[in-house]
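Notes for the one structure printed next.
Readers should treat all values here as calculations from the given coordinates under stated rules, not as data from a laboratory. Everything numeric in this text was worked out from a predicted model, so none of it was measured. Neighbour counts run over all protein chains shown; Cβ positions are idealised from the backbone, glycine included.
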Amino acid sequence: MTPLTPQENQFGKLIRERREAKNISLRKFAQQVGLSATYLSKIERGEMAAPGEEKIKIIAEHLELDEDELLALAGKVSTDLKELIMEHPKVIANFLRSTHGHSVKEIQRITEKLQNEVLSKTQKEEIDP
């Protein structure tokens, strides 16, 4: 078995911390998310890699965590993001690289601006079909 990266070890640690903070037993949580208690225990201890994307999204929902952040901790990227990258690899790669060196606050501001422009455009299209 390939050793887990420090990031992947953080995945299991975070799952355990959040589960325990919510006072959910290992067995009960494993049942809630559709994993065996043994497998979940090994994930939490950093002995096994994270499960697949869908299980991670279920875990995130149950623990009230952001699914993209949890996927990233597991060394994974959401399928919808992969599809966006595959549709426009050069443009998306350039866009992501252009964010390097900017603060999270700046990136959030740019994201909100883009979302507002899309919303505005959508609303105009609904008014003037």
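Rounded, prolate or oblate: which one fits region 6-78, using the alpha carbon gyration tensor with axes a ≥ b ≥ c (rounded when a/c is under 1.5, else prolate when a/b beats b/c, else oblate)? Verdict is rounded for region 6-78. Computed from phi, the 3J(HN,Hα) profile of region 103-115 under the Karplus parametrisation 6.51, -1.76, 1.60 (θ = phi - 60°) reads 6, 4, 4, 5, 5, 4, 4, 4, 4, 4, 4, 4, 4 Hz, with x in place of Gly and Pro.
Listed by chain and number, the lysines whose C-alpha is less than 17 Å from the C-alpha of LYS82, apart from same-chain residues fewer than 8 away, are LYS57, LYS90. Within 9 Å, Cβ to Cβ, of ALA50, how many net charges do the neighbouring residues add up to if Lys/Arg are +1 and Asp/Glu are -1? Net charge around ALA50: +1. Considering only alpha-carbon pairs that sit under 8 angstrom and 6 or more positions apart, the relative contact order computed for the chain is 21 percent. Note on P(r) over Cα pairs in 10 Å bins from 0, in percent: of the candidates (1) 11, 31, 27, 21, 8, 2; (2) 13, 46, 36, 5; (3) 13, 41, 30, 13, 4, 0, the value calculated from this structure sits at (1).
Using Cβ contacts closer than 10 Å as the measure, can you line up LYS76, LYS82, LYS57 from fewest to most? Before the final figure, lay out the partial values.
Working: LYS76 20, LYS82 12, LYS57 17.
Lowest count first: LYS82, LYS57, LYS76.
Among MET86, MET48, the order by Cβ neighbours within 10 angstrom, fewest to most, reads MET86, MET48.
Only aspartates and glutamates eight or more places from LYS28 in sequence, or on another chain, were considered; those with a Cα closer than 18 Å are GLU17, GLU20, GLU44, GLU61, GLU64.
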